[in-house]
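Colleague: Once you've had a glance at the structure underneath, I'll fire off some questions.
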Amino acid sequence: AWASLMLLMMLTLWSIVAVELLHPVNVRIAERGYYGDCDRCERAFSSVFAAILTFLQQIIAGDSWGLTSLPIIEEEPATFIIFFAVLITVNLGLLNLILTVIVDVAHTAREEDEVRRINEKAREFEAAKHKLLQLCEELDSNQSGELCYEELLNGMETNPRFSTTLASMDVSPDDMHIIFSMLDEDGSGSLSYLEFVEQLHKLKSQDTHTMLIFIRGFLKDVRTKLIEHMHTTKSEIGVRTEGLVRDVKKVLYGSCLPLESALNIKIEGARGLRTDEAVGASDPYCCCEIAGKPDTKTKSHLVEDSLNPDWQFEDVIEGFALGDSLTFTVLVRDSCQDEYCLGTAVLPTEQIVKDTTGFEG
């Protein structure tokens, strides 16, 4: 009502201006017979009431805006300012303001309705929560103050009041497993029914987050099961692979040795080592290691000025596995303390492990 009154007041003010400034110009146009059979055109701005009707027709209803306005502007271009000001203040200004107020009122009413619905739902939740506490006490057969998943699921299937109360809180049997796994964070398999009801109420009352919380709970359950499955599969694969490797190596090498063992080695000596004629005899020594395992390297002592060294070196090499090879390298050190490799020999497993007594050669 107040918006209509404000619109009428604004139109009245502009109608007074129109009677004083626009009507004389309109009369001159009408006297020249410009309007023809249009009886009302000559008196469009003859009075305040007539001007209000004209503005309502042109601006509010949008009818025949150019019938009188354009001829008046062409007759007196300065009157364009008046028509433009009326259009801006009434159509673009006041009407949009009124529309904004209407929309704002509607939005406020919607928010109030939303608050009312939330309050009603909260009251329903509180009543359902109180009733659910009593039903949980009935389901707690041993009076321990806690409920397990089987008791809750059985209650939903056999107790109509319990299932109806949960349904009023938007909880279905399909939701129960996810909700229980989310609330049972310590994995004990049981929940205090007081805590169950409180957390369930909190979970279901947060409408904007309910879907995300359910997704999080579902992913947590999937992650737990996936990790358990991966650990089980890894253990099974490890055991089977270890047994398979052991069987294959036993078939290949005919040995009863474990996967890894220690080898007793003895490097006795060498005969007829080559030498550099310019240097003469040098100081040879021998290195032994498991191929690909440099940490197992061991070496004999130097025998000075000899081409037929007799080392008689003994040692134990740890970590020898079926399939490994032993590498023997003979090196010499000359008088300038430079070292040269004279040769390398490789002993694969099949030559070392021919039977349980080992290899000599």
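Colleague: What does the charge count around residue 288 come to, taking other residues whose C-beta lies under 9 Å from its C-beta (Lys +1, Arg +1, Asp -1, Glu -1)?
Modeller: Values: positive: 297, 299; negative: 289, 315.
Around residue 288, the charge tally is 0.
Colleague: Applying the Karplus parametrisation 6.51 cos²θ - 1.76 cosθ + 1.60 with θ = phi - 60° to the phi angles of the range 228-240, what ³J(HN,Hα) value in whole Hz is obtained for each residue in order, glycine and proline being reported as x?
Modeller: Once θ is set to phi - 60°, the couplings for the range 228-240 become 4, 5, 5, 5, 5, 5, 5, 5, 5, 5, x, 5, 5 Hz.
Colleague: Using amide H atoms built 1.01 Å from N in the peptide plane, name the residues 5+ places from residue 296, or on other chains, whose amide H lies under 5 Å from its own.
Modeller: So residue 296 has HN proximity to 290.
Colleague: Non-local amide H neighbours of residue 269 (under 5 Å, H modeled in plane, Pro and chain starts lacking H): which ones?
Modeller: It is 311, 312, by chain and number.
Colleague: Return the aspartates and glutamates within reach of residue 234: Cα separation strictly under 16 angstrom, same-chain partners fewer than 8 residues apart disregarded; answer none if there are no such residues.
Modeller: Leaving aside aspartates and glutamates fewer than 8 places away in the same chain, those within reach of residue 234 are 242.
Colleague: Summing +1 for each Lys or Arg and -1 for each Asp or Glu, what net charge is found among the other residues whose Cβ lies under 13 Å from the Cβ of residue 110?
Modeller: -3
Colleague: Evaluated at 10 °C with a viscosity of 1.306 mPa s, what Stokes-Einstein diffusion coefficient in µm²/s does the range 53-184 have when Rh comes from the Kirkwood expression over alpha-carbon pairs?
Modeller: Details: Rh = 20.9 Å.
Estimated via Stokes-Einstein, D reaches 76 µm²/s.
Colleague: If you project the alpha carbons of the range 303-357 onto the principal axes, what extent comes out on each, in Å, largest first?
Modeller: The Cα atoms of the range 303-357 stretch 43, 19, 19 Å along their principal axes.
Quick note: the coordinates plus some simple rules give every number you see, no bench work behind them. Remember, predicted model here, so these are calculated numbers, not experimental data. We place every Cβ from the backbone using ideal geometry, glycine too, and count neighbours over all the protein chains shown.
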